[in-house]
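Since every read-out is calculated from the coordinates, none of them should be taken as a lab result. Remember, predicted model here, so these are calculated numbers, not experimental data. Because the Cβ atoms are built from the backbone with ideal geometry, glycine has one as well, and the counts that use them run over all protein chains shown.
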Amino acid sequence: MCANNSTLIVDAGNTRVKWTLFKGDRITDKWAQELPSTDRIGSPQNIVLASVRSAEHDAVLTSLLRRSYPEAAMHSIQAESEACGVINSYAEPQRLGVDRWLGAIAAYHVYGGPVVVIDAGTAIKADFVSDEGVHLGGYIVPGLALMESSLVSQTAKIRYDAAEVSLEEGVPSSTADAVSAGCLEMALGFIQRLYERHGQAKWLATGGGSQALMNRLAIDYVLDEHLVAKGAKFVLDARLKGAK
């Protein structure tokens, strides 16, 4: 066995690049920044890129990683029709966001099915995996910041500073609170409605804003901030095993 068994997962999301370092099957570090941090990464044996960004961005990032870590094996992951025993129900499998795909794979393998994954970041995503391991599909709605910014950008007089937001209880009595509280209620209503239909499933939360949303609802859930990285590691391990 190779002495250096570290794996770097690079999750390039819409607004942040998230880096997760594995030693064997154990996560030892995670952080978010645009460029690699040599001091934290060390000398990984494998680097996995899972990106929802443009091909041009991915090419630049891949080139940088190859130059910085020439001895590491580079791997790129996209959604496919089946991986690690999980089946993609999309007619065009590659059009499913890779973050959603990897989250579904990890959710099924770690927690079993049926399972619902709520991932709140730039967008709020809900994905559903059956007890047979079929990713059934899901929903995508704007995240809180995106909802608020769309109101500001598409209207003439909805303007406020972040310092004006108070989120006091009761009916909002300022424009800032009306927008912030209104967007929050929309997000909570979306999740609550899904729970009323799928309450028999296990519920998971991942992503930067998921915990804050889920804690406002009477829903039993498990927080797993490493779900996408775990899914990428499952896929990599399956590839390496199949290549032997």
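Table for the structure above
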quantity	calculated
Close pairs (9 angstrom Cβ cut-off, 6 or more residues apart or separate chains): assigned to a loop (DSSP other than H, G, I, E, B) in the range 154-177, among the aromatic types (Phe, Trp, Tyr) anywhere	Ser174/Tyr160
Tally, over the range 48-67, of residues that are farther than 15 Å from Gly97 by Cβ and touching a residue at least 60 places away in the same chain (Cβ under 8 Å)	1
Residue within the range 131-152 that is of a type outside the set (Gly, Ala, Ser), touching a residue at least 40 places away in the same chain (Cβ under 8 Å), outside any strand (DSSP E or B) and touching a Cys at 6+ places or on another chain (Cβ under 6 Å) present	yes
Condition met for Ser76 (in a strand (DSSP E or B) and farther than 25 Å from Met214 by Cβ)	yes
Of the criteria (1) buried (at least 17 other Cβ atoms within 10 Å of the Cβ); (2) aliphatic (A, V, I, L, M); (3) within 15 Å of the chain's Cα centre (by Cα), which one Val141 fails	(1)
Residue match in the range 197-206 (condition: in contact with a Gly (Cβ under 8 Å, 6 or more places away or on another chain) and of a type in the set (Ser, Thr, Tyr))	yes
Some residue of the range 82-93 being in contact with a Phe, Trp or Tyr (Cβ under 8 Å, 6 or more places away or on another chain), closer than 28 Å to Asp25 by Cα and exposed (fewer than 15 other Cβ atoms within 10 Å of the Cβ)	yes
